[in-house]
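Data first, discussion second: the structure below is written as structure tokens.
The values are calculated or read from the model by the stated rules, or taken from the named source; none is laboratory data. On a predicted model such as this, the values are computed, not experimentally measured, just so you know. For neighbour counting, all protein chains shown are included, and Cβ atoms are generated from backbone atoms with ideal geometry for every residue, glycine included. To get the accessible areas, we keep the full protein, side chains included, count just its heavy atoms, and leave off ligands, DNA and RNA. Shrake-Rupley method; radii C 1.70, N 1.55, O 1.52, S 1.80 Å.
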Amino acid sequence: KGERAARHEKIKKEKKLEDVKKQIRVEKKGIKEIARKEREILAGLDEINKGLAAKGEEIKKVESSRAALDKEAAAAGAGIARLEAQKTRLRERLTHRLRAMYKMKRGDTVRALFSSSTPEDLGRRHRYLTLIMDSDISLIAEYEDNLKELEAELLRMIILTGELVAIKRDFVSKKSEAEA
């Protein structure tokens, strides 16, 4: 009976040992699964960090572009202001010249030219009238050039404003993506 009890005790211990070994295998398998999930999570976090760094670089590029466009828009604004002031001055000069021409009426120029008493006086008057006409032609050309340049600067400003709006949208979008 004693031997039987000892054997029974031994079988119980072996079964218990087998149960413990089985439990250890289950626990090791669980630990391996947890380690695998940890690696996946760490890889995912690494991808997120890389994505954040890339978005950060994109945001820096957008901010740099915005700063360059702001600078260019400021220059265009200054150019427009300068051209507007020049246009006002030219318009005043042109208005003054047109009034003077109107006051001279038709034919007064010819009378002034041919009312000279000497050929030298006629030559001098002709030179003066030619200089005045050349000056008037130059003034009109300068005014036309100013208008063309002003129109080009205004168009440039419209384009820059559109680009700034697009960059602002891009910045907000990239910032939202980075925050998400």
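Heavy-atom accessible surface of the chain, averaged per residue, reaches 81 Å², computed with a 1.4 Å probe. Counting only residues at least eight positions apart within a chain, or on another chain, the lysines with an alpha carbon under 30 Å from that of residue 29 are 10, 12, 13, 15, 16, 21, 37. With a cut-off of 12 Å on the backbone N, the residues of the stretch 58-89 near the modelled label site 7 Å out from residue 161 along Cα-Cβ are 77. Since only 160, 68, 17 are under comparison, the one whose Cα sits farthest along the positive direction of the charge dipole of the chain, derived from C-beta charges on Lys, Arg, Asp and Glu, is 17. Here the 3J(HN,Hα) profile of the stretch 135-143, calculated from phi with Karplus coefficients 6.51, -1.76 and 1.60 at θ = phi - 60°, is 5, 5, 4, 4, 5, 5, 4, 5, 5 Hz, Gly and Pro shown as x. Of the solvent-accessible surface of the stretch 1-148, computed with a 1.4 Å probe and all protein chains present, 60% belongs to carbon and sulfur. Backbone phi angles across the stretch 77-82, fed through the Karplus curve with coefficients 6.51, -1.76 and 1.60 (θ = phi - 60°), yield HN-Hα couplings of x, 5, x, 5, 4, 4 Hz in residue order; Gly and Pro are listed as x. Convex hull volume per residue, computed on the Cα atoms of the stretch 121-180, equals 43 Å³.
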